[in-house]
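The values are calculated or read from the model by the stated rules, or taken from the named source; none is laboratory data. Note that the structure is a prediction, hence the values are computed from the model and not measured. Here the Cβ positions follow ideal geometry from the backbone for every residue, glycine too, while neighbour counts run over all protein chains shown.
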Amino acid sequence: MTPDQVSGFFAAGESFVEGTIAAALVAFWFIVVAVQLARPYMLRNLKKFTLRLGADLWWIIYVGLRDLLIVSLFLGGFIFFYPDVVAAQDLPITGGLATACVFAVMLLKLVSKGEADVRSYRLQTFLIGLGATLYIVPYILGVQVTQLGGDSADWLASIFVSSRNTDVSLPLAYLSAALVGIMALVAVAYNLRQPSARPQREMSTEETAR
């Protein structure tokens, strides 16, 4: 094989992988939304278990699966932080913002009081719904419409497809990466603050006891 053929082969393989990830993320978004909204149902079913072990396993499996799907969704959305990929591939134009919403959900899980925090759950649900809308709507109206052809399809693609509207998609890619970077710094600062905050709480408790 010539160098040009090798380069073309790897370019085609990269394009196939990125297109597959973009298509798979649609299904992941639907699943994550469904699993997130299933939380009240899962809580009601806890009362049906006669053994505490069964209830614990039911809840642990649900929470673990939900959080694993959210992390996988964020990792898959990492392709939207690469400007060359955004400019070259037919991707939903607001996919990077949708990925930023997922990272915001992960940050809320870190700083909230856990599953008992109803306010945090509602905010997480809102962010997941917003992220799903930002991803699925431009994917269907833009990326999938390009297969139909016609003036209307070309017009929609010029708005919702990243490679057809680089004037908007590239700034959104940089903005999304910046938002995730800021939230990552907040998460790091929160984790670094926790070890020092705990001894202070223990000292204040001891002084109160005295």
If we ask which residues in the range 10-68 are in contact with a Gly (Cβ under 8 Å, 6 or more places away or on another chain), surrounded by 14 or more Cβ atoms within 10 Å (Cβ to Cβ) and aliphatic (A, V, I, L, M), their number turns out to be 4
Only residues in the range 103-118 that are surrounded by fewer than 18 Cβ atoms within 10 Å (Cβ to Cβ) count as the first member; pair them with residues that are hydroxyl-bearing (S, T, Y), Cβ under 6 angstrom, at least 6 apart or cross-chain, and list the lot.
-> L108/S120; V111/Y190; S112/S120
Return a yes/no flag: does the range 103-123 have any residue that is closer than 30 Å to A11 by Cα, touching a helix residue (DSSP H, G or I) at 6+ places or on another chain (Cβ under 6 Å) and at pLDDT 95 or above.
-> yes
Name the one entry in V143, V186 that is surrounded by 11 or more Cβ atoms within 10 Å (Cβ to Cβ) and either under 22 Å from E18 (Cβ atoms) or modelled with pLDDT under 90 (or both).
-> V143
Check whether at least one residue in the range 77-91 is of a type in the set (V, I, T) and over 21 Å from S169 (Cβ atoms), and report yes or no.
-> no
The range 151-179: number of residues that are under 20 Å from the mean Cα position of the chain (by Cα), under 14 Å from T94 (Cα atoms) and either modelled with pLDDT under 90 or assigned to a helix (DSSP H, G or I) (or both) | 12
Pair list, Cβ < 6 Å and 6+ apart or interchain, from the range 29-55 residues that are modelled with pLDDT of 90 or more to residues that are of a type in the set (G, A, S) and in a helix (DSSP H, G or I) | W29/A132; V33/A132
Those residues that are over 25 Å from F80 (Cβ atoms) and β-branched (V, I, T), I need them from the range 13-58; list them, please.
-> T50
